[in-house]
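The structure under discussion appears below in the form of structure tokens.
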Amino acid sequence: MPSALPTLLLLAVPLAAALSAGLILRLFPLLQRYALARPNARSSHRVPTPQGGGIAVVTALVTISGLLIAAPEIGGRPDWIWLAGCALALALLGAVDDVRPLPAGVRLVTQAVAVGLLVWHLDGRLLPGLPLGLERGLALVAGLWFVNLTNFMDGLDWMIVAEIVPVSGALLLFGLAGLLPPLPTLVAACLLGAVLGFAPFNRPVAKLFLGDVGALPIGLVTAWLLWHLATAGGLAAALLLPLIYLADASLTLAARAGRRERIWEAHRGHFYQRATVNGLTVPGVVGRVFAVNLALAALAAATLFWPSWPVTLAALVAGLALVALLLRRFARAPAPAPAEGAAHP
């Protein structure tokens, strides 16, 4: 890695954080006036709260990465242009949906177009044994699902922070170690900084929500980063890093589909949402998610630094076990209180 590149990549984090936080401070009065998220039966909050913090996060991500990509050590400007353009398209879709909810069909078709354009311009092959069209079709479905599951999981204060900070931080470290190309490493650094700039405003009890304007493009950018990690030889790592999101959202969707519920409608059936009903505090939930994500990042690193099938298999089994224990804890109802006058054990 060129000697100037690590400094450039590390500089991206505070620059994106500062721009994200600064934009939030400037936009907050407008969001408070025009973009209030009012509580309803499916909400996790009880007080009307401004949403739209994703405007600052996405702007910081695109602006800082767009400025630093001019460095000759980074390269890949055409790939960045497609990523930034598709992310901004999803941000616009999310902004409209935040203000005036759109029909599910319109949202899905628009998302599919944005994800499809980005998938078509991906570099590398993940499944070279398959025809290119089939591989890209599978990537489109996976990308579309990841965009939506990121949106589904953004239903609790700091939940996005507890997920994206460990994932993007791990990707930055992998890039600094030479395990990820410079362009995705730069994007990961900017994503990390932009989310860190948003984090103080979303700390429980949140003063600001991300909104679809942020969740949708963050999901797209994260999926793009994981694709590059997988094609660089880190498929197991790319599965381990987002495993909590993948497991919670996929199991919840499967359960709702089995009950013949309208899976595209908002609900409070996710494991992390049930955890607050079952007695855990919001900091308790996101703290557990953050801790398990750090463990998953360590397991992902093990598969990259010691690449062998025993290490990979052990890391995958350990990751699945950790996530299963976490979701079981979230789903477990609290023990019933003893009857009045009954003796405590």
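The values are calculated or read from the model by the stated rules, or taken from the named source; none is laboratory data. Computed from a predicted structure; not experimentally measured. Cβ coordinates were reconstructed from backbone atoms using ideal geometry, including for glycine residues, and neighbour counts include every protein chain displayed. Protein only, heavy atoms only, side chains kept; ligands, DNA and RNA dropped before computing areas. Shrake-Rupley method; radii C 1.70, N 1.55, O 1.52, S 1.80 Å.
For the reader, a short list of remarks on this structure follows.
- Residue among LEU118, LEU122, LEU90, LEU108 that is touching a Gly at 6+ places or on another chain (Cβ under 9 Å) and over 13 Å from GLY214 (Cα atoms): LEU118
- Near pairs, Cβ below 8 angstrom, 6+ apart or cross-chain, from segment 206-234 (acidic (Asp, Glu)) to any residue that is open to solvent by 10 Å² or more (accessible area, probe 1.4 Å): ASP212/LEU93; ASP212/ALA95; ASP212/ASP97; ASP212/ASP98; ASP212/ASN151
- All conditions in (1) surrounded by 19 or more Cβ atoms within 10 Å (Cβ to Cβ); (2) more than 19 Å from LEU316 (Cβ to Cβ); (3) over 13 Å from the mean Cα position of the chain (by Cα) hold for THR222, with the sole exception of (3).
- Selection count where residues are in contact with an Asp or Glu (Cβ under 7 Å, 6 or more places away or on another chain) and of a type in the set (A, V, I, L, M), scope segment 43-92: 0
- Just so you know, in segment 156-206 the residues that are open to solvent by less than 30 Å² (accessible area, probe 1.4 Å) and among the β-branched types (Val, Ile, Thr) include one that is farthest from HIS270 (Cα to Cα), and it is THR185.
- Qualifying residue in segment 270-287 (condition: of a type in the set (D, E, K, R), open to solvent by 10 Å² or more (accessible area, probe 1.4 Å) and either at pLDDT 95 or above or closer than 19 Å to VAL141 by Cβ (or both)): no
- Residue among PRO181, PRO200, PRO217, PRO204 that is in contact with a His (Cβ under 8 Å, 6 or more places away or on another chain) and of a type outside the set (Asp, Glu): PRO181
- Failed condition for ARG26, given (1) modelled with pLDDT under 90; (2) in a helix (DSSP H, G or I); (3) open to solvent by 70 Å² or more (accessible area, probe 1.4 Å): (1)
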